[in-house]
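Inspection log for the structure reproduced underneath, given as structure tokens.
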Protein chains: 2
Amino acid sequence: MVSNHAPMVRATGMSREGGDMHITILGGGGFLGRKLAARLARDGSLRGQAVTGLTLFDITTPQPPTGAAFPVRCLAGDVADAAAVAQAVPADTQVVFQLAAVVSAAAEADFDLGVRVNLLGSLALIDAARRCAVPPRIVFTSSVASFSGSQQAEMPDDARQMPLNSYGAEKAAAELMLQDASRRGMLDAVNIRLPTVIIRPGRPNKAASSFVSAILREPLLGLETPLPVGEDFALWVSSPRVVVEWLLHAAAMDTAPLGTDRGINPPGLTVTVREMLAALSPAERALVKQEPDATVAGIVGGWPARFASARARRLGFQEQVGLPDIVAAFREDDLAATRAERGL
Amino acid sequence: MVSNHAPMVRATGMSREGGDMHITILGGGGFLGRKLAARLARDGSLRGQAVTGLTLFDITTPQPPTGAAFPVRCLAGDVADAAAVAQAVPADTQVVFQLAAVVSAAAEADFDLGVRVNLLGSLALIDAARRCAVPPRIVFTSSVASFSGSQQAEMPDDARQMPLNSYGAEKAAAELMLQDASRRGMLDAVNIRLPTVIIRPGRPNKAASSFVSAILREPLLGLETPLPVGEDFALWVSSPRVVVEWLLHAAAMDTAPLGTDRGINPPGLTVTVREMLAALSPAERALVKQEPDATVAGIVGGWPARFASARARRLGFQEQVGLPDIVAAFREDDLAATRAERGL
């Protein structure tokens, strides 16, 4: 193994008992980034160390979480701009959550934008990480969309990534580069292939998977929503709360048992549309209208709905909770804010 | 499927019966590029069409093949420079052989150089291909080094690429991007994972696999050479002649049966060092000196020595010839030139 990592004098300042714990969230203004930042503010610690600084970086200046007992820097910039990323990842950074992404529909619509953010952004992060005093832990959110498989397939832990969309291809390519940089000792990456995250707050969007959250969220808001697939259609899903737990575990875990393979298929949940609808009341369920859409079914039908995830369980990634808890968490965490945001 | 391919007015000029056949070889000055260019000059045609133009592109200006009945442009440039690649791949290009690479030892020694040439070079090629009048066929040489596996493993056709070196990681990432660009209709790629090519002409180099050619070539030149692994050590190899056949087949084949999966594990040959030495005369064999080298054995030992290659056979890729033919071809094609080059 060859290492290009040149140790630098480690930045001090803000040192506390147990050492510095400076954290950066790239994509810190997004839906998961905000939840993660709020959690870090609440916990005040990571890996048993007090957080001594947090940098949030996004394409527009993110809002800091409320109640943080540590300094928070909020930066706006382009994740594919090496200088901007270097500023967001100073030399004393211990952990970087790389959540910045152009999502599937946008990456399909604009190839260049997807390549820049989803692939070149990770190369910029490798550059910044190499300048850190200690190789930082990188928690990279890859995606179920980097795989393909039938509705029936159960993907083994060593399944090949054969993406059917540009977003998945860029994520898989970025994984390869972060994995190689880990082998070389430039950084220490964990690449988590997230399932479809439900229930996303906010509005329906143009993502092919938009309906997966919408068929729960919209009825909970009292709104009608179309269902483009049949009720037997199966999906591999996770909840925002459990995703945050996975991200924190990936930041804190011992990576030695990973060896070369930095990819994690976390233990999501296989659900059918029928099971999702059963989590609603009859009145809510009546708001979901069958509107078959072959295009949407074709795209989402290429994403496997079942993964073995045995390795992730062995490595301590927690099991996804069931649908009733997912719905309850949305009511508790996001329903009021979504109502307010949408003027409902 | 979304296509960003904007058809342009197709360049004319040099048109012949059967249409234009303009070909570019990126890495046209290298060992395989020169052999391929010589073959195209000899054949004068590809896919049953007369070759109407050939561009050779490399980091230093390549030499044109002798006896070509078509115009040959020889360009020097950086394969990661989009403008240089656009010049090398004009809008009327039908076929690009992308052989330009920083090889394994060099990519391991200089991470930035490897990323630039082996990954960003393919992104520059995608840019150039999108500007072509018709999506060009891209024949991309990937490598056995993009896989890892034990000496005993037989790799199935859908084996995951889990590289243990930067060269392999960059090749696998470039494959993903070329495959996605194919799905989008920007180009039409075939990614061939070449086995270790023997017998390379010229001199021993610092590649971990240098010995694989050297233990045949050096004795055939009357020179001593070290053997860093045991005689039972198995390798997945191919000959330059058969590799040229594979490249030509990949340029001419119908890619519709490939579907999404643009990766080809061609039918190479599993050989042990013992079998290789048996292809030499007793006097030649005596020039090979056991000098165990754990570092070399560790690197090359991570490359699988057996692949199923059933899909490639079905798709018409020809079977690798045996060791006696490989040695005979080296004597015929390369021995005199290597002697002259090395002043022997």
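The values are calculated or read from the model by the stated rules, or taken from the named source; none is laboratory data. The model shown is predicted, which means the values in this text are computed figures rather than measured ones. Every residue, glycine among them, receives a Cβ derived from its backbone with ideal geometry; neighbour counts consider all protein chains shown.
Summary of values
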quantity: The one condition in (1) more than 24 Å from residue B:103 (Cα to Cα); (2) crowded, with 20+ Cβ neighbours inside 10 Å; (3) of a type in the set (A, V, I, L, M, F, W, C) that residue B:327 fails to fulfil; calculated: (1)
quantity: Test: residue in the range B:245-256 that is free of Cβ contacts under 8 Å to residues at least 60 places away in the same chain and not assigned by TED's automatic domain parsing to the domain that holds residue B:330; calculated: yes
quantity: Residue that is nearest to residue B:304 (Cα to Cα) [pool: residues in the range B:102-118 that are at pLDDT 95 or above and within 15 Å of the chain's Cα centre (by Cα)]; calculated: B:118
quantity: Subset of the range A:174-203 [among the acidic types (Asp, Glu), touching a residue at least 40 places away in the same chain (Cβ under 8 Å) and crowded, with 23+ Cβ neighbours inside 10 Å]; calculated: A:175
quantity: Failed item, numbered, when residue A:293 is tested on (1) under 18 Å from residue A:198 (Cβ atoms); (2) modelled with pLDDT under 95; calculated: (1)
quantity: Residue match in the range A:38-46 (condition: modelled with pLDDT under 95, crowded, with 17+ Cβ neighbours inside 10 Å and out of contact with any helix residue (DSSP H, G or I) (no Cβ under 9 Å at 6 or more places or on another chain)); calculated: no
quantity: The lone exception for residue B:163 - which of (1) at the interface with chain A (Cβ under 8 Å from one of its Cβ atoms); (2) more than 30 Å from residue B:92 (Cα to Cα); (3) in contact (Cβ under 8 Å) with a residue 60 or more places away in the chain it fails; calculated: (3)
quantity: Residues that are out of contact with any Gly (no Cβ under 6 Å at 6 or more places or on another chain) and part of a loop (DSSP other than H, G, I, E, B), drawn from the range A:76-85; calculated: A:77, A:78, A:81
quantity: Top-ranked residue of the range A:74-85 - restricted to ones that are small (Gly, Ala, Ser) and away from chain B (no Cβ under 14 Å), ranked as farthest from residue A:174 (Cα to Cα); calculated: A:76
quantity: Residue selected from the range A:185-221 under the condition within 14 Å of residue A:122 (Cα to Cα) and part of a loop (DSSP other than H, G, I, E, B), by the criterion nearest to the other protein chains (Cβ to nearest Cβ); calculated: A:186
quantity: Filter result for residue A:221 (assigned by TED's automatic domain parsing to the domain that holds residue A:280 and out of contact with any strand residue (DSSP E or B) (no Cβ under 9 Å at 6 or more places or on another chain)); calculated: yes
quantity: Matching residues in the range A:332-341 - criterion: being in a helix (DSSP H, G or I), among the charged types (D, E, K, R) and surrounded by 12 or more Cβ atoms within 10 Å (Cβ to Cβ); calculated: A:333, A:339, A:341
quantity: Near pairs, Cβ below 8 angstrom, 6+ apart or cross-chain, from the range A:32-45 (assigned by TED's automatic domain parsing to the domain that holds residue A:143) to any residue that is hydroxyl-bearing (Ser, Thr, Tyr); calculated: A:32/A:141; A:38/A:66; A:41/A:66
quantity: Failed condition for residue B:140, given (1) farther than 22 Å from residue B:300 by Cβ; (2) modelled with pLDDT of 95 or more; (3) surrounded by fewer than 24 Cβ atoms within 10 Å (Cβ to Cβ); calculated: (3)
quantity: The lone exception for residue A:182 - which of (1) within 9 Å of another protein chain (Cβ to nearest Cβ); (2) part of a helix (DSSP H, G or I) it fails; calculated: (1)
quantity: Selection status of residue B:190, touching a strand residue (DSSP E or B) at 6+ places or on another chain (Cβ under 7 Å) and farther than 19 Å from residue B:329 by Cβ; calculated: yes
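For every residue, the table says whether it meets (1) hydrophobic (A, V, I, L, M, F, W, C); (2) closer than 17 Å to residue A:117 by Cβ.
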{"position": "A:42", "(1), (2)": "no, no"}
{"position": "A:61", "(1), (2)": "no, no"}
{"position": "A:65", "(1), (2)": "no, no"}
{"position": "A:72", "(1), (2)": "yes, no"}
{"position": "A:75", "(1), (2)": "yes, yes"}
{"position": "A:83", "(1), (2)": "yes, yes"}
{"position": "A:90", "(1), (2)": "no, no"}
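Conditions (1) closer than 30 Å to residue A:96 by Cβ; (2) modelled with pLDDT under 95; (3) not polar (S, T, N, Q), marked per residue:
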| position | (1), (2), (3) |
| --- | --- |
| A:221 | no, no, yes |
| A:250 | yes, no, yes |
| A:270 | no, no, no |
| A:284 | no, no, yes |
| A:303 | yes, yes, yes |
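Each row is one residue, and each column tells you yes or no for (1) in contact with a Lys or Arg (Cβ under 8 Å, 6 or more places away or on another chain); (2) surrounded by fewer than 20 Cβ atoms within 10 Å (Cβ to Cβ).
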| site | (1), (2) |
| --- | --- |
| A:205 | no, yes |
| A:213 | yes, no |
| A:216 | no, no |
| A:232 | yes, yes |
| A:235 | no, no |
| A:247 | no, no |
| A:256 | no, yes |
| A:265 | yes, no |
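Quick grid of which residues meet (1) assigned by TED's automatic domain parsing to the domain that holds residue B:253; (2) of a type outside the set (Ser, Thr, Tyr):
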site	(1), (2)
B:135	yes, yes
B:148	yes, no
B:188	yes, yes
B:204	no, yes
